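Structure first, commentary second.
The values are calculated or read from the model by the stated rules, or taken from the named source; none is laboratory data. Since the structure is predicted, the reported quantities are computational estimates derived from the model, not experimental observations. A quick note on method: Cβ atoms are made from the backbone with ideal geometry, for glycine too, and the neighbour counts reach across all protein chains shown. Quick note on the areas: whole protein, heavy atoms, side chains included, nothing else; ligands and nucleic acids left out. Shrake-Rupley method; radii C 1.70, N 1.55, O 1.52, S 1.80 Å.
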Amino acid sequence: MPRENKDQHTSVFGLLRDGKLRQSIRKSKNMDSREAEELLARIKRQYAERRHRRTLLRRWISAAAVVIVVLVGGAGLYLTRLNTPLPLTSMAGLLPGSPDVQLIVGTQRYLFARNTDFSISGNTIIARSAQQSKTIEMDPRLAMNRVYAPRGRKSNLVLADGTTVNINSESSFTFPSSFPDVRRDVSLAGEAFFKVAKNAAKPFTVSTASFNVQVTGTQFNVNAYTADKVKTVVLAEGGVRITSKDLRRTVNMKPDELLTMQVGEWSISHVSAQDYTCWKDGYMLLQDMTLSEVLHHLSRHYGTNISCSSKIERLKCSGKLMLFDNEESTVASLATIFNLKYTKKQGKIIIYM
């Protein structure tokens, strides 16, 4: 059966009570027992919450003619009610430690050994890299999909509405197969540059762990790595509104403004937006950064452990650094600028005086 029918949607009373749902999920050849139990628990929890919040809707469902299709071969379970399927957020997990770009489509995981571009076309995702091209079927009723670019990799994505997203190294971007009528919601952990297709009637919202960015059509960069203390948003074109997760802070930004967020403090400064988006073009902005901070970013960019001796880790760096395809070439140029030396042992690079 088609791959897109492998995820599940919630059902009604009988299937939850009499065990048919459990049996259908357990028969799937695409899930292990743990994933099946997690999916079952999620469906039950979402259904219980829906019953609690919407008593009238529950009565209507129990009385209405509901069409249920159970697709055992792919463990797909769908509810058709007024032609509006209920979304489910269950996705396959990322493969820990993999050096490959990962695409998660429902319960399916796809690995790509090179920087890869993805684009949504109808009910398919087209994946293209220097060495391969692949078309992946997806179900537009599934809630979310994900692209993960590990250390040393990048990825580009064209969403269903035409929005383009440049995803930086060690970043995870979650997006829907299609957008509903009134909103466009995605989420990011890491860094990405967005060129949002204009649609004033359908706001586009990027959700991170600590803030949300809402726009209708613009270009901006979000840097929100979970491990980094400082988060930033840079606006290149148009306008954006940033709101903290606790809703206590809201900022409206203008082009060439930088919003810096750290330890509960927000500040806006005027910058050249291009300086903060140059990573897309193979450059790295060094703005009064310590050498250890620079090497932290280079390690993320190349997927290689790059460090320095403690004597020079506080050395200040400013300017733009060209990011060559090979990490050793970049380190060599950095060492030349500061009259330093470096050595490479067992896949690790160490810079010293």
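Lysine pair count for region 127-282 with Cα-Cα distance under 22 Å and sequence separation of 8 or more or different chains is 17.
Computing FRET efficiency as 1/(1 + (r/R0)^6) for Ala200 and Gln346, where r is the C-beta to C-beta distance and R0 is 45 Å, gives about 0.25. Accessible surface ranking for Asp161, Asp325, 1.4 angstrom probe, highest first: Asp325, Asp161.
When a 1.4 Å probe is rolled over the protein heavy atoms, the share of accessible surface on region 154-249 that falls to carbon and sulfur comes to 49 percent. By the Kirkwood approach, averaging reciprocal distances over each pair of separate Cα atoms, region 136-258 gets a hydrodynamic radius of 14.7 Å.
The shape of region 87-133 comes out oblate: with a ≥ b ≥ c from the C-alpha gyration tensor, a/c is at least 1.5 while a/b does not beat b/c. Other residues lying with their Cβ under 13 Å from the Cβ of Leu285 contribute a combined charge of -3, Lys and Arg counting +1, Asp and Glu -1. Taking Lys195, Lys254 and ordering them by how much accessible surface each has at a 1.4 Å probe, largest first, produces Lys254, Lys195. For Arg300, the shell of other residues with beta-carbons less than 12 Å away shows a net charge of -2, using +1 for Lys and Arg and -1 for Asp and Glu. Annotation: Tyr352 carries an accessible surface of approximately 80 Å², with a 1.4 Å probe and no ligand, DNA or RNA atoms counted. Computed over protein heavy atoms with a 1.4 Å probe, the accessible surface of region 299-353 works out to 63 Å² per residue.
Tell me, what % of the accessible area of region 260-353 is carbon and sulfur with a 1.4 angstrom probe? Roughly 48 percent of what the probe reaches on region 260-353 is carbon or sulfur. For Asn115 and Ala130, the difference between the fully extended length at 0.36 nm per residue and the C-alpha to C-alpha distance is 4.6 nm.
Ligands, DNA and RNA excluded, the heavy atoms of Arg128 present near 120 Å² of accessible surface to a 1.4 Å solvent probe. Neighbours of Lys195, meaning other residues whose beta-carbon lies under 12 angstrom from its beta-carbon, give a summed charge of 0 when Lys and Arg score +1 and Asp and Glu score -1. If I take R0 = 41 Å and measure r between the Cβ atoms of Glu313 and Val271 in this structure, what FRET efficiency does the formula 1/(1 + (r/R0)^6) give, to the nearest 0.05? Here the calculated transfer efficiency is 0.95. Rolling a 1.4 Å probe across all protein chains gives Met289 an accessible area of roughly 30 Å².
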